Amino acid sequence: MVPDAALQQPPPAPAPGGLPPAPLAALPGLPVLPGRLASEPPGWTQEVDVVVVGSGIAGLTAALECRGLGTVLVVTKDVVAAGSTPWAQGGIASVQGEGDTVEQHVEDTLVAGAGLCDEAAVRVLVSEGPAEVATLIARGAEFDRDAAGALELTREGGHHRRRIAHAGGDATGAEIERALVSAVKADPGIEIVEHALVLDLIPAETGPDEPAAVAGVTLHVMGEGSRGGVGAVHARAVVLATGGIGQIYAVTTNPPVATGDGVAAALRAGAVLRDLEFIQFHPTVLFMGAGARGQLPLVSEAVRGEGGLLVNGAGERFMVGQHDLAELAPRDVVAKAIMKEMAREGSDHVFVDGRALGEETWRVRFPTILNSCRQLGLDPAVDLIPVAPACHYFCGGVRTDLDGATSLGGLYACGEVASSGVHGANRLASNSLLEGLVFARRIAARLLADPPPRRRPAVDDRPAGLVDAAVVPAVQQVMSRHAGGLRDAAGLVACLDELAGLAGQPAGAGVLSSWEATNLVTVATAVAASALLREESRGAHWRDDHEGRRPGWQGHLEVRADPAAGLVHHYVPTEQEQP
Ligand code: SIN
């Protein structure tokens, strides 16, 4: 039970303009989370130079770029293309078009990020982006081009320019994944192990003055022979590229594999995580009925970029007058407006009106969405498309510097699992594929310039635990009810209480479903606790009991798992907030 007193005399919100207390007092009553996942001891060991965990755009790019360092092993939980990248529709943003500038893309990113982006990281992303897109094209990705051979560029929410390259109309991620998988498979120096769930990071022996470090990963490989079952991969560098956490919610655009495994493993290993309260809800996810659960199809913002409108049940536009970009306002603004409109109408969806786009545009430009609509018996050239917001993207994650280095020696992170500082409180559309490219290459450059030592594994005395897989639907429901697009203190306290009860239901055996369940409960708890502590509304974090941005909350909320104290939060003030 999280006592009321913890909220009445909270781990306090920072005083306006003042330096907030750091660390914030630990929230009492949080679920006791396992220190590591219970499993059999490793039955085999492999030595490599770099182990990359995850096989989306960030992981595969990291693998290709790290080749110069020696042997590279990519481990991925399912088949190589089962992650989030192939589902990306809209495209990849970068400064390509006539009249566009780095400054304008930086500005759009900072505005979308609601005052919480790290501007240096944004500048790295935007200025290095075009060259990384060129490298991706050189690796075989085929983007849509106009008759003159130039990249076709579209717009999405928050972009003042056309700067989003796309492929196969709305199948951008699938084309990128195809190209990268084929480049990686063609490289004899990169080995891929599929159906391999990374269980935990292996703590490393370090000197008395050295920061904590990792020496590799433990993993479970579904398979027979010399490398089946639980094993250990020892590496000089571990690159986490495990993607998102969408499965902590009942409805999401994320595939079933997005169970936050990398986030949870990093937390258990003592890494600093940041900005966990900022979960982006995509405004327009196909509404499949009130009872729909799990991964739902996206209706890309690019539909609005090409002229689609948002209308309510009465067929009226409701974004006009709410923002100067109307339907193309940043994603958090549109999602909130839709939630308010649904509440006002007492409805569970609104509509995208894409009828004016015409049959040919739907067929050529949006074949994926057209197919999803047809499965519901809808023709978007004739019918309105029912949509509602759903969990889409994790803006926070494992804190990194500009080269993807985390707070633990030997551990790097890129892509959705990382908090590189580029997304702030709300990611600008189509910046995520770009982030995967740019920061994966920067990790490789750092490793090549300054190769980490091979560290010896330390004795791992963290208490092992496991949560029953049967609790997963309850976790998803309580998170959707209380820690979704709209939050308040009472709901978040109830959520943490319920999560504590669910975390206390142990599983009998270490199998994929119970390892994933343990990761889901761990991540959900960390997200809900951060959401409770940030007593303001900013970007993707909307507190009904604390409307609007509050001065003194322009900094980041960091969290770390302490073996004795549990989750420990620190508020990191911005320079302007320091006395
Ligand atoms: C979309 O196509 O609307 C999603 C793109 C993104 O999440 O960046």
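Computed from the coordinates by the stated procedures, all read-outs in this text should not be read as laboratory data. None of these values were measured; they are calculated from a predicted model. Heads up, the Cβs are rebuilt from the backbone with ideal geometry, glycines too, and the neighbour counts pull from every protein chain shown.
Numerical summary
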read-out	value
DSSP-defined beta bridges in the range 50-208 - what % are antiparallel, rounded to 5	40
Cα Rg, Dmax, the range 228-372, angstrom units	19.2, 60
The range 290-348 shape via C-alpha gyration tensor axes, a/c threshold 1.5	oblate
Vicinal HN-Hα couplings computed from phi for the range 396-403 (Karplus, 6.51 cos²θ - 1.76 cosθ + 1.60; Hz; Gly/Pro x)	x, x, 7, 5, 10, 8, 5, 10
Considering only the chain, percent of DSSP beta bridges that pair antiparallel, nearest 5	65
Gain upon complete extension [HIS323, GLU210; 0.36 nm per residue less C-alpha separation]	35.7 nm
Among GLY377, ALA531, PRO255 the positive-end extreme of the charge dipole of the chain (Cβ point charges)	PRO255
Relative contact order computed over the chain (Cα-Cα under 8 Å; 6+ residues apart), in percent	24
Under DSSP loop assignment and at most 14 Cβ neighbours within 10 Å, longest GluC sites (Glu not before Pro)-free interval of the chain	317-546
Anisotropy class of the range 115-217 from Cα gyration tensor, a/c 1.5 cut	oblate
Those lysines that a straight Cα-Cα span of less than 21 Å connects to LYS185, excepting residues fewer than 8 apart in one chain	LYS77
D_trans [Stokes-Einstein, Kirkwood Rh over alpha-carbon pairs] for the chain, 25 °C, 0.890 mPa s, µm² s⁻¹	103
Rounded to whole Hz, the Karplus (6.51, -1.76, 1.60) HN-Hα couplings of the range 550-563, x for glycine and proline	10, x, x, 10, 7, x, 9, 9, 10, 9, 9, 8, 9, x
Extension reserve of the ALA290-ASP461 stretch, reckoned as 0.36 nm per residue once the Cα distance is removed	57.0 nm
For the range 188-259: rounded, prolate or oblate by the Cα gyration tensor [a/c cutoff 1.5]	oblate
